[in-house]
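One structure is given below, encoded as structure tokens.
The values are calculated or read from the model by the stated rules, or taken from the named source; none is laboratory data. Not measured: the values here are computed from a predicted model. Glycine gets a Cβ as well: all are built from the backbone with ideal geometry, and neighbour counts include every protein chain shown. Quick note on the areas: whole protein, heavy atoms, side chains included, nothing else; ligands and nucleic acids left out. Shrake-Rupley method; radii C 1.70, N 1.55, O 1.52, S 1.80 Å.
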Amino acid sequence: MPKTTARGEAKQSELPSTLRRSEEKAQRTFAEAHDAALEQYNGNEERAHRVAYAALKHSYEKVGDHWEPKPRRGPSDERAEHGGPRAQGETAEGVNANAPKEHLLSVARRLSIPGRSRMTKNELVEAIEKRNRQETRRARE
């Protein structure tokens with residue numbers, strides 16, 4: 001099902017909840033990429049959804065229960081780096097795993113993750129993923 005209106009605006013009712021809580025540009029990025037992929041891949045919703053998230057993750061990262069602009073565009077994780085329909089590698093669930101450790105510490109601080117100063121970069125990514133899932137669940141209740 002298309003995610004944009006005839007005027008090119010994102011349909012709020014068709015967006016994932018985390019995107020409904022995000023800025024308009026993130027919503028538009030996801031919706032436009034989804035609709036273009038839906039057309040290109042002959043209505044394959046699953047593939048269009050994956051393409052839309054991949055496009056979103058190049059410019060945005062998930063922080064808590066919503067998406068925020070990344071400081072620098074580019075792939076967020078190992079899976080996004082390889083891309084394509086048969087992409088290999090781990091996904092970081094929207095966390096910008098390719099960001100410097102200082103950025104991840106900043107995100108962890110904003111999310112009030114305890115013990116963050118003693119964590120490795122990989123531990124920070126995992127802790128942020130976990131907190132994002134918690135915040136998203138809480139926002140849906």
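What the table below lists for this structure:
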{"quantity": "For the range 102-141: Kirkwood Rh in Å [reciprocal of mean 1/r, alpha carbons]", "calculated": "10.2 Å"}
{"quantity": "Accessible surface of the chain, 1.4 Å probe, proportion on carbon and sulfur as whole %", "calculated": "45 percent"}
{"quantity": "Cα centroid of the range 112-141 to Cα centroid of the range 14-61, whole Å", "calculated": "24 Å"}
{"quantity": "Lysine pair number, Cα distance threshold 19 Å (strictly under), the range 1-117, separation 8 or more or different chains", "calculated": "12"}
{"quantity": "Rounded to the nearest 10 Å², the accessible area of Lys130 at probe 1.4 Å", "calculated": "120 Å²"}
{"quantity": "Arg50 paired with Arg20, simple spin-label distance in nm, labels 7 Å along Cα-to-beta-carbon", "calculated": "2.7 nm"}
{"quantity": "Mean separation of Cα contacts under 8 Å (6+ apart) over length of the chain, as relative contact order %", "calculated": "19 percent"}
{"quantity": "Per-residue SASA entry for Leu15, accessible area with 1.4 Å probe, Å² rounded to 10", "calculated": "10 Å²"}
{"quantity": "Interchain or long-range residues, amide H under 5 Å from Lys11's placed H", "calculated": "Thr4, Thr5"}
{"quantity": "√(5λ) per eigenvalue of the Cα gyration tensor, the chain, largest first, Å", "calculated": "27, 17, 12"}
{"quantity": "Mean accessible surface per residue for the chain, computed with a 1.4 Å probe while every protein chain stays in place, in Å²", "calculated": "59 Å²"}
